[in-house]
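No lab work stands behind these numbers, since they all come straight from the coordinates. This is a predicted model, so every value here is computed, not measured. A quick note on method: Cβ atoms are made from the backbone with ideal geometry, for glycine too, and the neighbour counts reach across all protein chains shown.
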Amino acid sequence: MPHCNRKAMNEMKQNTTGKFIVFEGIDGAGKTTQIRLLEAYLQKKGRRVVCTAEPTDLPSGKQLRRALSGEEPKTPCELAALFTLDRIAHNMQPKTGIAALLESGNDLICDRYFYSTLAYQGSETDPDWVRSMNLNCPEIRHPDLCIFLDLSPEESMKRINSRPEAREIYETRERLERVRAQFHAVLKTFDPQSVRIVDAGKSIDEVQSEIQRIVDPILK
Ligand code: ADP
Ligand code: MG
């Protein structure tokens with residue numbers, strides 16, 4: 001058997017592993033819009049890109065949606081655990097999970113991740129428990145980069161109201177204000193290099209240019 005140099009193996013693995021980029025932001029901040037544009041940008045560079053989202057379409061994500069819609073009411077701790085369970089399933093799914101896709105060289109762009117759980121569920125139950133359950137879980141990968149699209153609730157409401165889909169009950173101005181503040185508190189606890197706050201109040205093109213400036217240096 002040939003001599004196996006662990007350091008060389010790890011470096012090789014790192015070079016072939018795709019980048020894991022998460023988008024966060026209150027509703028209407030422009031996540032869907034900017035993810036599509038970043039996907040096209042990365043593809044143009046010849047990279048393989050997969051876009052994904054949480055909650056997932058897996059059974060755990062479907063259960064979560066039923067809970068969020070009020071169809072199957074849950075306690076705050078149950079909800080936090082369900083989000084985390086769905087995240088583990090999202091990571092560990094054979095072939096189509098986060099781990100498998102990254103390891104086979106795809107870049108992954110994910111619409112919402114554990115920052116959302118920390119911001120939303122962390123404020124409704126014990127934040128240390130929610131944080132530890134997510135950040136210390138060996139089956140929940142930490143992103144290479146989180147881009148937080150920061151938008152005022154006023155502008156966000158305008159955008160939500162002009163969106164074709166029906167308005168969800170969660171999206172009131174007061175709630176958006178609270179969630180935005182919670183996000184800022186959570187993001188402050190992460191390494192500022194890996195969590196970047198982008199002013200999402202600018203034009204779609206300006207926001208995308210800023211995102212590309214942030215993403216470019218992490219691409220190898
Ligand atoms: P999210 O996925 O974060 O909820 P969307 O990408 O769906 O946000 O954007 C919400 C609405 O605002 C959409 O109708 C979209 O076309 C519009 N929009 C997105 N970004 C901008 C922007 N920078 N300026 C103006 N309108 C925007
Ligand atoms: Mg969206």
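Among Pro127, Leu101, Thr84, which residue has its Cα positioned farthest towards the positive end of the charge dipole of segment 68-220, with +1 placed on the Cβ of Lys and Arg, -1 on the Cβ of Asp and Glu, and the dipole taken about the Cα centre?
Checking the options against the dipole of segment 68-220, the answer is Leu101.
Using helices alone, what [θ] at 222 nm do you get for the chain, with -39,500 (n - 2.57) per DSSP H run of 4 or more residues, divided over all residues and rounded to the nearest 500?
After summing the helix terms and dividing by the residues of the chain, the value is -15500 deg cm²/dmol.
So how many Å³ per residue does the convex hull of the Cα atoms of segment 113-160 work out to?
95
Given axes a ≥ b ≥ c from the Cα gyration tensor, I'd like to know whether segment 146-220 is rounded (a/c under 1.5), prolate (a/b larger than b/c) or oblate.
Cα axes put segment 146-220 in the oblate bin.
With 10 angstrom as the radius, rank Ser69, Ser123, Ser156 by how many other C-beta atoms surround their C-beta, starting from the fewest.
Ser69, Ser123, Ser156
Can you figure out the FRET efficiency of His142 with Glu165, using R₀ = 41 Å and their beta-carbon distance, to the nearest 0.05?
According to the calculation, E is roughly 0.85.
Would you mind checking segment 95-110 for residues with the amide N under 12 Å from a putative spin-label position 7 Å along Cα→C-beta of Leu219?
Of the residues in segment 95-110, 107 have backbone N under 12 Å from the label point off Leu219.
Provide the per-residue ³J(HN,Hα) series for segment 180-192, in order, calculated from phi with Karplus coefficients 6.51, -1.76, 1.60 and θ = phi - 60°, each as a whole number of Hz, with x at glycine and proline positions.
Values per residue, Gly and Pro as x: 4, 5, 5, 4, 4, 5, 5, 5, 4, 7, 9, 4, x Hz.
Taking a ≥ b ≥ c as the square roots of the eigenvalues of the Cα gyration tensor of the chain, is the shape rounded (a/c under 1.5), prolate (a/b larger than b/c) or oblate?
Because a/c hits 1.5 or more and a/b fails to exceed b/c, the chain counts as oblate.
Label segment 24-115 by shape, choosing from rounded, prolate and oblate, from the square roots a ≥ b ≥ c of the eigenvalues of the Cα gyration tensor; if a/c is under 1.5 it is rounded, and otherwise prolate applies when a/b is larger than b/c, oblate when it is not.
Oblate, because a/c is 1.5 or more while a/b does not exceed b/c.
Can you sort Ser116, Ser60 by how many other beta carbons sit within 10 Å, fewest first?
Ser60, Ser116
Please list 3J(HN,Hα) in residue order for segment 147-156, calculated via the Karplus relation 6.51 cos²θ - 1.76 cosθ + 1.60 where θ = phi - 60°; whole Hz, with x for glycine and proline.
Listing the rounded values in order: 10, 9, 8, 9, 9, 5, x, 4, 5, 4 Hz.
For a quick check, take a GNM of the chain with Cα springs below 10 Å and name the residue from His90, His184, His142 with the largest mean-square fluctuation.
Largest GNM mean-square fluctuation: His184.
Taking neighbour Cβ counts within 10 Å as the exposure measure, how do Val195, Val207 sort from fewest upward?
Val195, Val207
Here is the link list: Lys74/Lys158; Lys31/Lys188; Lys44/Lys158. Which ones come out longer than 25 Å on Cα distance?
Among Lys74/Lys158; Lys31/Lys188; Lys44/Lys158, the Cα-Cα distance tops 25 Å for Lys74/Lys158; Lys44/Lys158.
Starting at the first residue of segment 55-60, write each ³J(HN,Hα) from the Karplus equation 6.51 cos²θ - 1.76 cosθ + 1.60 with θ = phi - 60°, in whole Hz, x for Gly and Pro.
x, 7, 9, 6, x, 5
Would you kindly state how much longer the chain becomes between Thr75 and Lys44 on full extension, computed as 0.36 nm times their sequence separation minus their alpha carbon distance, in nm to one decimal?
6.7 nm
Could you give the dipole magnitude of segment 139-191 about its Cα centre, charging the beta-carbon of Lys and Arg +1 and that of Asp and Glu -1, in debye to the nearest 20?
Here segment 139-191 has a charge dipole of around 180 debye.
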